Amino acid sequence: MKKSLVLLVVLTVLGGILAGCASQGKQSVLDKITKDGKVMVGTSADYPPYEYVDDAGNKTGFDIDLMTEIAKRMGVELVWVDMPFDSLVAAVQEGKIDMSISCFNYSAERDEQVDFSDAYYTSEDAFLVKSGFAGAIVNPEDVAKYKIGVQSGTVQDDWLTTTLVEAGLVEDANISRYERVDQAALDLNAGRIEVLMADYVPAQALVKQYPDFQVVYHAVLSTGPLNIVLPDGDAKLQAEINKVIKALQDEGFIDTLATKYFSE
Amino acid sequence: MNFSSFIQYIASGTAYTLGVTLVALPSGLVLGVLFALLYVYGGRVVSRLMSLYSTVMRGIPPIVLLFILYFVMSGSVNLSPFWAGSISLGIISSAYQMEIVRGAILAVSGEQMLAARAIGMSTLEAIRYVILPQTLRLAIPPWSNEAAIVIKDSSLVYALGVPEILRRAQLISASTQQPFLAYISAAVIYFALVFIANRLLARLERRLTIPSNP
Amino acid sequence: MPKPILTIKKLTKKYGNNVIFHDIDLVVNEGDTIVVIGPSGTGKSTLLRCVNLLTKPDGGEIWLDDLEITAKGADEDRVRQHIGMVFQNFLLFNHLTALENVKLGLTKVKHLPEAAAHEKALAELTRVGLADRADHYPGQLSGGQQQRVGIARALAMDPRVMLFDEPTSALDPELIGEVLEVMRNLSLEGMTMIVVTHEMGFAREVADRIVFMEKGSIVEEGTPDDLFYRPKYERTREFLWKITELYGKKEAKE
């Protein structure tokens, strides 16, 4: 587990004590959203094509368009709060933002701090290599033989840690963790790592960026369904968001978005 | 996108960087001077307390204090990311500035205090008219160093999503897949800020130098 | 009948178990110039610092006119305004010009209006012959000039008594004369002074009384003639003989 994540967990537990468990008996965040007429949504806009900024500096991407539509359906104004990925869960938990959409996957750890919406999209994990890679990856565990890179704090990082490191298949020191996936791509290109594990969609984007790269394996490993992160124990808000997601899936809106952002 | 549009996009975060610095540095100075005076003249108990404050605050990584103020304390005070960042950097800087000023006071005090008391000044008057004017002059060179550190540490508020220089560099790096250009641009801007700040302080130091024969 | 300005009774100072001086009795009358002599480390400087309360005595009393300044609750800052102090190392305020050094106490302690303070400060600088150096900083002045500014700074407060703590021992020999000259004039003007010094020529010429201190107590006290020609104690004679031997050649040059 990432150090900063440990730190955040410690801090947020502390925060709970200091705040005197103020969350008990609080009104639903949905009421606040409706009353204010606006929803504050956190995202880490550095993860194309899910969320990033365009040349004009505006936020764009799969998650961004989806959330924009969700807010529209809820009839409230959408206020984006940009934050590094590591800070988002804590920000939802402490009520600094109402919810967060940032390519989040369900994880048991996160579920202890916050709640999740139903999945709005299911993504896969991918292993990227540079041309000239002499090895072979038939089963996902095969990557243990190579120098692996991953974006820290992600579910891919989690998967590597639990499936490989804790199972004794690889030394933790053999895994290079990067703050951001494009930094990992630089190192893959430079030969400092042999395999880069990432979400399948951004992995495909990297292949377009670096013609030497190729995806040698992709499947649902760690990633799987994407969910919106919601405040803990707020059933009313959760129900409302799930309702909107269901409608958008039924209408084919989300498939259209996926084609727009993920097709090659 | 070319280099100049990178600079332009990232430089628009300079207002936040300067904002955080201009809150943190002066408030750290006021607290630092106050605490340094308490340390030197406050008696044994107060002096111990100040020493403890300095040790603790210099021992805490700025980012931890930032998270404590923003996330942990959010039940009691709801600070915006900007203020949480500015205040925590100000608090930590106050400990460093306290050490700077304390060193300068010890270099000046003693005999100058004696001379001031001898013409009937109270300790407070002596501090105000004799000790501080000399202390603050002495403190400028190390203080210029601290100013550079605070300017650079202000980048930490990116962790709370304040769109300052570093955060904007990250965003544009991700969207353009050109991290080298993005971070070089950020480095250039930080360097320019620190360079200008140091030049201004050097000029101030020259202006305030007390004339003496070579 | 001469009027006592300063009366010291059974004054004692210790640092831990180390007795600096003990049971010092001394009466200083108005207009007196008292020169205190004695070997180094006999507590002469500490005695001066006790007199203006820069150091707290451990026993005894000090009276300034009719006020016991060692009494509990005495306003030390007020007392010091009436007792001028000149230090061995001058201790001018380094960030201020000669004029500002003299003026600071006038504006900040005596709260004189700016113009009056300026005029008074300039007059005191003129008194020590440094009106033309008014705008110089201490770093731009010679040691002798700095010490004269130090004297002017103390004089500006119109003290009842002036204390000089080895005012010339940090000076190059050729600069001692100008400082002693200023002090000699002060004495002639009737200023009450206590001077700790090794300048025997000055002591012999200017002092009304010389006090010989050794090992923390006063050995002998009397007029210059008494001490130089008719000392009561062998120790006094020995010390004066030694000190004249040491400093005599330098004095001859003046």
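The values are calculated or read from the model by the stated rules, or taken from the named source; none is laboratory data. For clarity, every value in this text was computed on a predicted model and none was experimentally measured. Here Cβ is always computed from backbone atoms with ideal geometry, including for glycine, and neighbour counts include all displayed protein chains.
Observations on the structure shown:
- Cβ pairs under 9 Å, 6+ apart, first in the range C:76-96 and facing another protein chain (nearest Cβ under 7 Å), second basic (Lys, Arg) and crowded, with 23+ Cβ neighbours inside 10 Å: C:PHE93/C:ARG153
- The range A:64-86 - residue that is part of a strand (DSSP E or B) and either hydrophobic (A, V, I, L, M, F, W, C) or within 14 Å of chain B (Cβ to nearest Cβ) (or both) and, of those, surrounded by the most Cβ atoms within 10 Å (Cβ to Cβ): A:ASP82
- A single entry from B:LEU34, B:LEU52, B:LEU18 fulfils the requirement of being more than 12 Å from every other protein chain (Cβ to nearest Cβ), free of Cβ contacts under 8 Å to residues at least 40 places away in the same chain and under 15 Å from the mean Cα position of the chain (by Cα): B:LEU34.
- In the range A:43-59, the residues that are without any contact (Cβ under 8 Å) to a residue 24 or more places away in the chain and either within 8 Å of chain B (Cβ to nearest Cβ) or not polar (S, T, N, Q) (or both): A:TYR52, A:VAL53, A:ASP54, A:ASP55, A:ALA56, A:GLY57, A:LYS59
- Of all residues in the range A:123-162 being touching a helix residue (DSSP H, G or I) at 6+ places or on another chain (Cβ under 7 Å) and polar (S, T, N, Q), the one that is nearest to A:PRO211 (Cα to Cα): A:GLN151
- Close Cβ contacts (under 6 Å, 6 or more residues apart or on different chains) running from residues in the range A:200-214 that are more than 12 Å from every other protein chain (Cβ to nearest Cβ) to residues that are polar (S, T, N, Q) and crowded, with 20+ Cβ neighbours inside 10 Å comprise A:TYR200/A:SER123; A:VAL201/A:SER123.
- Unmet requirement for C:LEU99, which otherwise passes all of (1) away from every other protein chain (no Cβ under 12 Å); (2) of a type in the set (A, V, I, L, M, F, W, C); (3) buried (at least 23 other Cβ atoms within 10 Å of the Cβ): (3)
- Taking the range C:3-69 as the region of interest, the strands (runs of 3 or more DSSP E) fully inside it that hold 2 or more residues being among the hydroxyl-bearing types (Ser, Thr, Tyr) are C:4-15.
- Total residues in the range C:153-176, condition crowded, with 17+ Cβ neighbours inside 10 Å and outside any loop (DSSP other than H, G, I, E, B): 10
- If you go through the range A:155-199 and keep only what is free of Cβ contacts under 8 Å to residues at least 12 places away in the same chain and of a type in the set (A, V, I, L, M, F, W, C), you end up with A:VAL165, A:ALA167, A:ALA173, A:LEU186, A:ALA190.
- Residue within the range C:5-19 that is free of Cβ contacts under 8 Å to residues at least 40 places away in the same chain and touching a strand residue (DSSP E or B) at 6+ places or on another chain (Cβ under 7 Å) present: no
- Restricting attention to the range B:1-43 and to residues that are outside any helix (DSSP H, G or I) and of a type in the set (S, T, N, Q), the residue that is surrounded by the most Cβ atoms within 10 Å (Cβ to Cβ) turns out to be B:SER12.
- Residue within the range A:92-111 that is farther than 22 Å from A:ASN242 by Cβ and either within 14 Å of chain B (Cβ to nearest Cβ) or free of Cβ contacts under 8 Å to residues at least 24 places away in the same chain (or both) present: yes
- Condition met for B:LEU200 (more than 12 Å from every other protein chain (Cβ to nearest Cβ), surrounded by fewer than 22 Cβ atoms within 10 Å (Cβ to Cβ), within 17 Å of the chain's Cα centre (by Cα) and more than 24 Å from A:SER87 (Cα to Cα)): yes
- Where helices (runs of 4 or more DSSP H) fall wholly inside the range A:165-264, the ranges with 1 or more residues that are more than 30 Å from A:VAL39 (Cα to Cα) and outside the structural domain of A:ASP115 (by TED's automatic domain parsing) are A:181-190, A:200-209.
- Of all residues assigned to the range B:154-161, none qualifies as being surrounded by fewer than 17 Cβ atoms within 10 Å (Cβ to Cβ) and either away from chain A (no Cβ under 14 Å) or among the hydroxyl-bearing types (Ser, Thr, Tyr) (or both).
- Some residue of the range A:246-262 being closer than 22 Å to A:GLU69 by Cβ, surrounded by 13 or more Cβ atoms within 10 Å (Cβ to Cβ), out of contact with any helix residue (DSSP H, G or I) (no Cβ under 6 Å at 6 or more places or on another chain) and aromatic (Phe, Trp, Tyr): yes
- Annotation: of all residues in the range A:112-122 being buried (at least 18 other Cβ atoms within 10 Å of the Cβ) and part of a strand (DSSP E or B), the one that is nearest to the other protein chains (Cβ to nearest Cβ) is A:ASP115.
- Any hit, the range A:98-111, residues being of a type in the set (Gly, Ala, Ser), in a helix (DSSP H, G or I) and at pLDDT below 90: yes
- Residue check, B:ALA139 over 22 Å from the mean Cα position of the chain (by Cα), touching a residue at least 12 places away in the same chain (Cβ under 8 Å) and crowded, with 21+ Cβ neighbours inside 10 Å: no
Conditions (1) among the aromatic types (Phe, Trp, Tyr); (2) closer than 25 Å to B:TYR129 by Cα; (3) surrounded by 23 or more Cβ atoms within 10 Å (Cβ to Cβ); (4) touching a strand residue (DSSP E or B) at 6+ places or on another chain (Cβ under 7 Å), marked per residue:
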| site | (1), (2), (3), (4) |
| --- | --- |
| C:ASN29 | no, no, no, yes |
| C:THR46 | no, no, no, yes |
| C:GLU61 | no, no, no, yes |
| C:ASP65 | no, no, no, yes |
| C:GLY73 | no, no, no, no |
| C:GLN88 | no, yes, no, yes |
| C:ASN94 | no, yes, no, no |
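- Of residues in the range B:168-182 being of a type in the set (S, T, N, Q) and part of a helix (DSSP H, G or I), the one farthest from the other protein chains (Cβ to nearest Cβ): B:THR176
- Selected residue [at positive phi and buried (at least 19 other Cβ atoms within 10 Å of the Cβ)] from A:GLY61, A:GLY42: A:GLY61
- Every condition in (1) modelled with pLDDT of 95 or more; (2) within 13 Å of chain B (Cβ to nearest Cβ) holds for C:ARG148 except the one numbered (2).
- The test for being under 27 Å from B:PRO163 (Cα atoms), assigned to a helix (DSSP H, G or I) and within 14 Å of chain A (Cβ to nearest Cβ) does not hold for B:ALA148.
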